[in-house]
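Presented below is the structure to which this report refers.
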Amino acid sequence: MPTACSPREMLARLVAFATISARSNLDLVGFVEAYLADHGVASFRDPDATGDKASLVAMVGPATEGGVVLSGHTDVVPVEGQPWTGDPFTLSGRDGKLFGRGVCDMKGFLACALAAVPAMQAARLRRPIILALSRDEEIGCVGAAPMIEALLAALPRPEAVIVGEPSEMRVVTGQKGSWGFRARVRGHEVHSSLLPTGVSAVMEAAGMIDWMRRAMDAAARATPPNEFDPPYTTIHVGLIAGGTANNITARDCSFSGELRCLPDESVAVWRDRMLAEAARRSAAMQAIRPGTGIVFETRMELPGFAASGPAEALARALTGDNGRHVVSYQTEAGHFQARGLSTVICGPGSIAQAHQPDEFITEDQLAAGSAFVHRLIDRLAA
(Lines give C-alpha, C1' and ligand atoms only; values in the text may rest on other atoms or scores of the structure.)
Protein backbone atom coordinates (compact mmCIF):
# COMPACT_ATOMS: atom_id res chain seq x y z
CA MET A 1 0.00 0.00 0.00
CA PRO A 2 1.34 3.48 -0.81
CA THR A 3 1.97 5.59 2.24
CA ALA A 4 0.45 8.99 2.89
CA CYS A 5 2.50 11.96 4.07
CA SER A 6 1.80 15.26 5.74
CA PRO A 7 2.12 18.59 3.93
CA ARG A 8 5.27 19.28 5.95
CA GLU A 9 6.81 15.95 4.93
CA MET A 10 5.91 16.58 1.30
CA LEU A 11 7.33 20.10 1.52
CA ALA A 12 10.63 18.71 2.80
CA ARG A 13 10.83 16.41 -0.22
CA LEU A 14 10.05 19.21 -2.68
CA VAL A 15 12.49 21.70 -1.13
CA ALA A 16 15.29 19.13 -1.39
CA PHE A 17 15.14 19.47 -5.19
CA ALA A 18 17.18 22.56 -6.11
CA THR A 19 14.92 23.53 -8.99
CA ILE A 20 16.53 26.89 -9.68
CA SER A 21 15.30 28.13 -13.05
CA ALA A 22 18.74 27.83 -14.66
CA ARG A 23 18.77 24.09 -13.86
CA SER A 24 16.65 21.11 -14.80
CA ASN A 25 13.54 20.33 -12.78
CA LEU A 26 13.26 16.75 -13.99
CA ASP A 27 14.29 15.15 -10.68
CA LEU A 28 11.35 16.83 -8.96
CA VAL A 29 9.03 15.95 -11.86
CA GLY A 30 10.13 12.33 -11.70
CA PHE A 31 9.53 12.21 -7.96
CA VAL A 32 6.01 13.60 -8.32
CA GLU A 33 5.24 11.23 -11.21
CA ALA A 34 6.27 8.23 -9.09
CA TYR A 35 4.34 9.51 -6.06
CA LEU A 36 1.19 9.97 -8.13
CA ALA A 37 1.61 6.57 -9.78
CA ASP A 38 1.92 4.93 -6.34
CA HIS A 39 -1.50 6.37 -5.58
CA GLY A 40 -3.01 5.25 -8.87
CA VAL A 41 -2.91 8.65 -10.57
CA ALA A 42 -1.67 8.95 -14.14
CA SER A 43 0.21 12.04 -15.25
CA PHE A 44 1.89 13.42 -18.34
CA ARG A 45 4.75 15.80 -19.07
CA ASP A 46 4.89 18.89 -21.21
CA PRO A 47 8.64 19.23 -21.92
CA ASP A 48 10.50 22.31 -23.07
CA ALA A 49 12.42 22.40 -26.34
CA THR A 50 15.64 21.17 -24.72
CA GLY A 51 14.08 18.22 -22.92
CA ASP A 52 15.86 19.32 -19.73
CA LYS A 53 12.71 20.71 -18.12
CA ALA A 54 9.05 19.79 -18.07
CA SER A 55 5.69 20.75 -16.67
CA LEU A 56 3.55 17.97 -15.22
CA VAL A 57 -0.22 17.55 -15.39
CA ALA A 58 -2.36 14.97 -13.61
CA MET A 59 -6.07 14.44 -13.03
CA VAL A 60 -7.64 12.85 -9.97
CA GLY A 61 -11.26 11.82 -10.26
CA PRO A 62 -13.67 11.24 -13.12
CA ALA A 63 -12.93 12.33 -16.67
CA THR A 64 -15.73 14.88 -16.73
CA GLU A 65 -15.89 18.59 -17.45
CA GLY A 66 -16.26 21.11 -14.66
CA GLY A 67 -13.21 20.20 -12.60
CA VAL A 68 -10.86 22.46 -10.69
CA VAL A 69 -7.20 23.06 -11.53
CA LEU A 70 -4.70 23.52 -8.70
CA SER A 71 -1.73 25.19 -10.35
CA GLY A 72 1.76 25.97 -9.10
CA HIS A 73 5.26 26.35 -10.48
CA THR A 74 8.14 24.03 -9.70
CA ASP A 75 11.05 26.42 -10.22
CA VAL A 76 12.62 28.72 -7.63
CA VAL A 77 14.92 31.73 -7.73
CA PRO A 78 18.68 31.47 -7.04
CA VAL A 79 20.23 31.61 -3.58
CA GLU A 80 23.71 32.80 -4.55
CA GLY A 81 24.79 35.94 -2.73
CA GLN A 82 22.03 35.71 -0.14
CA PRO A 83 22.93 35.42 3.57
CA TRP A 84 21.11 32.19 4.42
CA THR A 85 21.61 30.93 7.98
CA GLY A 86 21.10 27.30 6.94
CA ASP A 87 21.01 25.04 3.91
CA PRO A 88 18.38 26.54 1.55
CA PHE A 89 17.54 23.10 0.21
CA THR A 90 16.97 21.37 3.54
CA LEU A 91 13.68 22.17 5.24
CA SER A 92 14.16 23.44 8.78
CA GLY A 93 11.76 24.77 11.37
CA ARG A 94 11.81 27.07 14.37
CA ASP A 95 9.39 29.40 16.13
CA GLY A 96 6.44 28.24 14.06
CA LYS A 97 8.19 28.89 10.73
CA LEU A 98 9.46 26.49 8.07
CA PHE A 99 12.56 27.66 6.18
CA GLY A 100 13.88 26.74 2.74
CA ARG A 101 14.09 28.03 -0.80
CA GLY A 102 10.66 27.88 -2.37
CA VAL A 103 8.67 27.04 0.77
CA CYS A 104 6.58 30.16 0.20
CA ASP A 105 6.99 30.63 -3.55
CA MET A 106 5.46 28.22 -4.13
CA LYS A 107 6.25 24.68 -3.04
CA GLY A 108 4.10 25.16 0.05
CA PHE A 109 0.97 25.14 -2.09
CA LEU A 110 2.21 22.19 -4.12
CA ALA A 111 2.92 20.29 -0.89
CA CYS A 112 -0.63 20.91 0.32
CA ALA A 113 -2.10 19.65 -2.96
CA LEU A 114 0.16 16.61 -3.35
CA ALA A 115 -0.20 15.51 0.28
CA ALA A 116 -3.97 15.52 -0.24
CA VAL A 117 -3.88 13.12 -3.22
CA PRO A 118 -4.82 10.07 -1.08
CA ALA A 119 -7.80 12.01 0.26
CA MET A 120 -8.77 12.95 -3.29
CA GLN A 121 -8.67 9.32 -4.32
CA ALA A 122 -10.68 8.19 -1.31
CA ALA A 123 -13.35 10.86 -1.76
CA ARG A 124 -14.89 9.53 -4.98
CA LEU A 125 -15.00 12.95 -6.54
CA ARG A 126 -17.93 13.90 -8.75
CA ARG A 127 -15.74 16.35 -10.63
CA PRO A 128 -11.98 16.04 -11.09
CA ILE A 129 -9.12 17.90 -9.47
CA ILE A 130 -6.38 18.64 -11.98
CA LEU A 131 -2.85 19.20 -10.74
CA ALA A 132 -0.77 21.48 -12.98
CA LEU A 133 2.92 21.89 -12.06
CA SER A 134 4.62 24.31 -14.41
CA ARG A 135 8.23 25.02 -15.33
CA ASP A 136 10.07 28.33 -15.78
CA GLU A 137 7.62 30.66 -14.05
CA GLU A 138 10.43 32.64 -12.45
CA ILE A 139 11.92 33.59 -15.83
CA GLY A 140 8.77 35.06 -17.30
CA CYS A 141 6.03 32.42 -16.93
CA VAL A 142 7.24 30.90 -20.19
CA GLY A 143 6.15 27.35 -19.35
CA ALA A 144 2.53 28.17 -18.53
CA ALA A 145 1.04 28.73 -21.98
CA PRO A 146 2.26 25.45 -23.54
CA MET A 147 1.28 23.54 -20.39
CA ILE A 148 -2.24 24.98 -20.55
CA GLU A 149 -2.55 24.00 -24.22
CA ALA A 150 -1.43 20.46 -23.40
CA LEU A 151 -3.88 20.30 -20.49
CA LEU A 152 -6.82 21.47 -22.61
CA ALA A 153 -5.92 19.05 -25.41
CA ALA A 154 -5.69 16.01 -23.14
CA LEU A 155 -8.27 16.52 -20.39
CA PRO A 156 -11.92 17.57 -19.99
CA ARG A 157 -12.29 21.32 -19.77
CA PRO A 158 -12.15 22.56 -16.15
CA GLU A 159 -14.57 25.06 -14.69
CA ALA A 160 -12.11 26.91 -12.45
CA VAL A 161 -8.39 27.42 -11.91
CA ILE A 162 -6.77 28.23 -8.57
CA VAL A 163 -3.21 29.52 -8.89
CA GLY A 164 -1.68 28.97 -5.46
CA GLU A 165 0.76 31.88 -5.33
CA PRO A 166 1.35 33.16 -1.77
CA SER A 167 -1.59 35.39 -0.84
CA GLU A 168 -1.94 34.45 2.86
CA MET A 169 -5.04 32.53 1.72
CA ARG A 170 -6.74 35.73 0.62
CA VAL A 171 -8.66 35.66 -2.64
CA VAL A 172 -6.71 37.73 -5.20
CA THR A 173 -8.95 38.86 -8.01
CA GLY A 174 -6.69 41.09 -10.08
CA GLN A 175 -3.13 41.18 -11.37
CA LYS A 176 -1.28 43.61 -13.61
CA GLY A 177 -0.05 42.43 -16.97
CA SER A 178 3.58 42.93 -17.90
CA TRP A 179 6.00 43.26 -20.79
CA GLY A 180 9.71 42.82 -20.26
CA PHE A 181 11.82 44.51 -22.92
CA ARG A 182 15.36 45.24 -24.01
CA ALA A 183 16.16 48.10 -26.37
CA ARG A 184 19.29 48.34 -28.52
CA VAL A 185 20.17 51.78 -29.81
CA ARG A 186 22.64 52.13 -32.69
CA GLY A 187 24.22 55.56 -33.17
CA HIS A 188 27.05 56.92 -35.29
CA GLU A 189 30.41 57.93 -33.82
CA VAL A 190 31.94 61.34 -34.44
CA HIS A 191 34.04 63.67 -32.33
CA SER A 192 31.72 65.46 -29.93
CA SER A 193 32.81 68.83 -31.40
CA LEU A 194 31.00 67.70 -34.58
CA LEU A 195 27.89 66.64 -32.67
CA PRO A 196 25.25 67.54 -35.32
CA THR A 197 26.88 65.20 -37.85
CA GLY A 198 26.77 62.18 -35.57
CA VAL A 199 24.05 60.32 -33.68
CA SER A 200 24.57 59.64 -29.99
CA ALA A 201 23.07 56.31 -28.99
CA VAL A 202 23.23 57.36 -25.33
CA MET A 203 21.32 60.57 -25.88
CA GLU A 204 18.76 58.88 -28.12
CA ALA A 205 18.26 56.23 -25.45
CA ALA A 206 17.79 58.98 -22.88
CA GLY A 207 15.18 60.60 -25.10
CA MET A 208 13.28 57.36 -25.49
CA ILE A 209 13.38 56.72 -21.76
CA ASP A 210 12.16 60.25 -21.06
CA TRP A 211 9.23 59.66 -23.43
CA MET A 212 8.39 56.50 -21.47
CA ARG A 213 8.49 58.43 -18.21
CA ARG A 214 6.19 61.13 -19.58
CA ALA A 215 3.78 58.49 -20.94
CA MET A 216 3.65 56.90 -17.50
CA ASP A 217 3.08 60.25 -15.81
CA ALA A 218 0.21 60.99 -18.19
CA ALA A 219 -1.35 57.62 -17.41
CA ALA A 220 -1.03 58.30 -13.69
CA ARG A 221 -2.90 61.59 -14.09
CA ALA A 222 -5.62 60.08 -16.28
CA THR A 223 -6.31 56.84 -14.40
CA PRO A 224 -9.20 56.90 -11.91
CA PRO A 225 -8.51 55.65 -8.36
CA ASN A 226 -8.53 51.86 -8.06
CA GLU A 227 -7.33 49.01 -5.84
CA PHE A 228 -3.83 48.66 -7.27
CA ASP A 229 -0.69 50.11 -5.72
CA PRO A 230 0.44 52.04 -7.65
CA PRO A 231 -3.00 52.54 -9.22
CA TYR A 232 -1.75 53.11 -12.77
CA THR A 233 0.39 51.51 -15.46
CA THR A 234 4.11 51.80 -14.78
CA ILE A 235 7.15 51.73 -17.07
CA HIS A 236 10.54 51.12 -15.50
CA VAL A 237 14.08 50.99 -16.89
CA GLY A 238 16.39 49.10 -14.57
CA LEU A 239 19.59 48.71 -16.61
CA ILE A 240 21.40 50.91 -19.12
CA ALA A 241 24.87 50.74 -20.68
CA GLY A 242 26.62 52.46 -23.55
CA GLY A 243 29.20 54.87 -24.85
CA THR A 244 32.96 54.90 -25.40
CA ALA A 245 34.30 58.24 -24.17
CA ASN A 246 33.13 61.67 -23.09
CA ASN A 247 34.20 63.25 -26.39
CA ILE A 248 32.76 60.63 -28.76
CA THR A 249 29.09 60.38 -29.71
CA ALA A 250 28.10 56.91 -28.58
CA ARG A 251 27.75 54.23 -31.24
CA ASP A 252 25.87 51.79 -28.99
CA CYS A 253 23.58 51.90 -26.00
CA SER A 254 21.19 49.34 -24.55
CA PHE A 255 18.60 49.51 -21.81
CA SER A 256 16.09 47.08 -20.36
CA GLY A 257 13.10 47.19 -18.10
CA GLU A 258 9.46 46.35 -17.79
CA LEU A 259 5.94 47.60 -18.30
CA ARG A 260 3.26 46.65 -15.75
CA CYS A 261 -0.21 47.62 -16.89
CA LEU A 262 -3.63 47.50 -15.29
CA PRO A 263 -5.69 44.44 -16.25
CA ASP A 264 -8.32 46.54 -18.02
CA GLU A 265 -5.58 47.95 -20.26
CA SER A 266 -3.81 46.05 -23.01
CA VAL A 267 -0.17 45.07 -22.81
CA ALA A 268 -0.15 44.94 -26.61
CA VAL A 269 -1.53 48.48 -26.95
CA TRP A 270 1.13 49.86 -24.60
CA ARG A 271 3.85 47.89 -26.35
CA ASP A 272 2.73 49.12 -29.77
CA ARG A 273 2.75 52.73 -28.52
CA MET A 274 6.37 52.33 -27.43
CA LEU A 275 7.36 50.65 -30.69
CA ALA A 276 5.69 53.41 -32.70
CA GLU A 277 7.64 56.05 -30.76
CA ALA A 278 10.86 54.09 -31.32
CA ALA A 279 10.12 53.97 -35.05
CA ARG A 280 9.48 57.73 -35.14
CA ARG A 281 12.77 58.42 -33.39
CA SER A 282 14.61 55.94 -35.60
CA ALA A 283 13.43 57.76 -38.71
CA ALA A 284 14.79 61.04 -37.34
CA MET A 285 18.11 59.37 -36.51
CA GLN A 286 18.38 57.80 -39.97
CA ALA A 287 17.80 61.16 -41.60
CA ILE A 288 21.17 62.13 -40.12
CA ARG A 289 22.95 58.78 -40.53
CA PRO A 290 21.53 55.65 -42.25
CA GLY A 291 21.89 52.47 -40.24
CA THR A 292 21.05 54.06 -36.92
CA GLY A 293 17.90 53.45 -34.90
CA ILE A 294 16.19 51.92 -31.88
CA VAL A 295 15.10 48.29 -31.84
CA PHE A 296 13.06 46.73 -29.03
CA GLU A 297 12.98 43.03 -28.29
CA THR A 298 10.54 41.20 -26.02
CA ARG A 299 12.02 39.38 -23.06
CA MET A 300 8.67 38.28 -21.65
CA GLU A 301 4.99 39.11 -22.02
CA LEU A 302 2.29 38.26 -19.52
CA PRO A 303 -1.39 39.17 -19.68
CA GLY A 304 -3.07 40.57 -16.61
CA PHE A 305 -6.23 39.13 -15.20
CA ALA A 306 -9.38 40.17 -13.39
CA ALA A 307 -11.17 37.32 -11.66
CA SER A 308 -14.86 36.63 -12.01
CA GLY A 309 -17.20 33.69 -12.33
CA PRO A 310 -16.82 30.21 -10.87
CA ALA A 311 -13.20 30.49 -9.70
CA GLU A 312 -13.81 33.60 -7.63
CA ALA A 313 -17.04 32.23 -6.19
CA LEU A 314 -15.37 28.93 -5.33
CA ALA A 315 -12.35 30.50 -3.66
CA ARG A 316 -14.54 32.81 -1.62
CA ALA A 317 -16.73 29.92 -0.51
CA LEU A 318 -13.69 27.88 0.55
CA THR A 319 -11.94 30.71 2.41
CA GLY A 320 -14.78 32.92 3.61
CA ASP A 321 -12.83 35.89 2.27
CA ASN A 322 -15.08 38.45 0.62
CA GLY A 323 -12.50 41.25 0.45
CA ARG A 324 -10.98 42.78 -2.66
CA HIS A 325 -7.30 42.01 -3.15
CA VAL A 326 -5.12 42.77 -6.19
CA VAL A 327 -1.40 42.34 -6.88
CA SER A 328 1.23 43.82 -9.15
CA TYR A 329 3.60 40.84 -9.08
CA GLN A 330 3.65 38.28 -11.87
CA THR A 331 1.77 34.99 -11.86
CA GLU A 332 0.52 32.53 -14.43
CA ALA A 333 -3.12 33.46 -13.78
CA GLY A 334 -3.33 35.69 -16.85
CA HIS A 335 -2.33 32.84 -19.15
CA PHE A 336 -5.15 30.66 -17.84
CA GLN A 337 -7.69 33.46 -18.20
CA ALA A 338 -6.44 34.24 -21.70
CA ARG A 339 -7.58 30.72 -22.66
CA GLY A 340 -11.06 31.43 -21.34
CA LEU A 341 -10.65 29.70 -17.98
CA SER A 342 -12.14 31.29 -14.87
CA THR A 343 -9.12 31.90 -12.64
CA VAL A 344 -8.23 33.19 -9.19
CA ILE A 345 -5.06 33.45 -7.08
CA CYS A 346 -5.15 31.97 -3.59
CA GLY A 347 -2.37 30.22 -1.71
CA PRO A 348 -0.51 29.95 1.59
CA GLY A 349 2.38 32.17 2.65
CA SER A 350 3.24 35.84 2.24
CA ILE A 351 4.70 37.35 -0.92
CA ALA A 352 6.93 39.41 1.39
CA GLN A 353 8.95 36.23 2.01
CA ALA A 354 9.31 35.26 -1.63
CA HIS A 355 12.85 35.41 -3.06
CA GLN A 356 14.28 36.39 0.33
CA PRO A 357 17.20 34.82 2.24
CA ASP A 358 15.80 32.49 4.89
CA GLU A 359 12.55 32.32 2.97
CA PHE A 360 9.85 30.88 5.19
CA ILE A 361 6.23 29.89 5.44
CA THR A 362 4.52 29.72 8.81
CA GLU A 363 3.19 26.39 10.00
CA ASP A 364 -0.20 28.06 10.40
CA GLN A 365 -0.21 29.12 6.74
CA LEU A 366 0.76 25.64 5.58
CA ALA A 367 -2.06 24.23 7.69
CA ALA A 368 -4.47 26.78 6.23
CA GLY A 369 -3.43 25.79 2.70
CA SER A 370 -3.98 22.13 3.51
CA ALA A 371 -7.40 22.84 5.02
CA PHE A 372 -8.32 24.79 1.87
CA VAL A 373 -7.50 21.80 -0.36
CA HIS A 374 -9.44 19.41 1.86
CA ARG A 375 -12.48 21.71 1.82
CA LEU A 376 -12.24 21.68 -1.98
CA ILE A 377 -12.21 17.88 -1.93
CA ASP A 378 -15.30 17.80 0.26
CA ARG A 379 -17.07 20.25 -2.03
CA LEU A 380 -16.34 18.26 -5.20
CA ALA A 381 -17.36 15.02 -3.51
CA ALA A 382 -20.62 16.34 -2.03
Only residues that are within 25 Å of ALA153 (Cα to Cα) and in contact with a Cys (Cβ under 7 Å, 6 or more places away or on another chain): list them for segment 301-342, please. LEU302, GLY304, GLU332, HIS335
Every residue from segment 88-107 that is closer than 16 Å to ILE162 by Cβ and open to solvent by 30 Å² or more (accessible area, probe 1.4 Å): none
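Listed here are the residues, each with its yes/no results for (1) in a helix (DSSP H, G or I); (2) open to solvent by 10 Å² or more (accessible area, probe 1.4 Å); (3) in contact (Cβ under 8 Å) with a residue 12 or more places away in the chain; (4) not aromatic (Phe, Trp, Tyr).
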{"residue": "GLY86", "(1), (2), (3), (4)": "no, yes, yes, yes"}
{"residue": "PHE109", "(1), (2), (3), (4)": "yes, no, yes, no"}
{"residue": "ARG127", "(1), (2), (3), (4)": "no, yes, yes, yes"}
{"residue": "PRO146", "(1), (2), (3), (4)": "yes, yes, yes, yes"}
{"residue": "ARG157", "(1), (2), (3), (4)": "no, yes, yes, yes"}
{"residue": "ILE162", "(1), (2), (3), (4)": "no, no, yes, yes"}
Specify which of the listed residues (ASP95, ASP38) is on the phi < 0 side of the Ramachandran plot and not hydroxyl-bearing (Ser, Thr, Tyr). ASP38
Restricting the first residue to segment 1-28 and requiring it to be farther than 20 Å from LEU366 by Cβ and open to solvent by 40 Å² or more (accessible area, probe 1.4 Å), which pairs with a second residue that is of a type outside the set (Asp, Glu) and at pLDDT 95 or above meet a Cβ separation below 6 Å and a spacing of at least six or different chains? PRO2/HIS39; SER24/LYS53; ASP27/PHE17
Taking segment 18-46 and keeping residues in contact with a helix residue (DSSP H, G or I) (Cβ under 9 Å, 6 or more places away or on another chain) and not aliphatic (A, V, I, L, M) leaves THR19, PHE31, TYR35, HIS39, GLY40, SER43, PHE44, ARG45, ASP46
Count of residues meeting criterion [of a type in the set (Gly, Ala, Ser) and either surrounded by 16 or more Cβ atoms within 10 Å (Cβ to Cβ) or part of a strand (DSSP E or B) (or both)] in segment 258-307: 6
Looking at segment 236-247, which of the residues that are out of contact with any His (no Cβ under 7 Å at 6 or more places or on another chain) and farther than 17 Å from MET300 by Cβ is most open to solvent (accessible area, probe 1.4 Å)? ASN246
Tell me which residues, restricted to segment 30-76, are in contact with a strand residue (DSSP E or B) (Cβ under 8 Å, 6 or more places away or on another chain), farther than 21 Å from LEU376 by Cα and open to solvent by 20 Å² or more (accessible area, probe 1.4 Å). GLU33, ALA37, PHE44, ARG45, ASP46, PRO47, ASP48, LYS53
Being under 30 Å from ALA183 (Cβ atoms) and in contact (Cβ under 8 Å) with a residue 40 or more places away in the chain narrows it down to one residue among THR319, THR292; which is it? THR292
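The values are calculated or read from the model by the stated rules, or taken from the named source; none is laboratory data. Predicted, not measured: the structure shown is a model, and the values here were computed from it. Note: ideal-geometry Cβ built from the backbone for every residue, glycine included; neighbour counts use all protein chains shown. Surface areas here come from the heavy atoms of the whole protein model, side chains and all, with no ligands, DNA or RNA. Shrake-Rupley method; radii C 1.70, N 1.55, O 1.52, S 1.80 Å.
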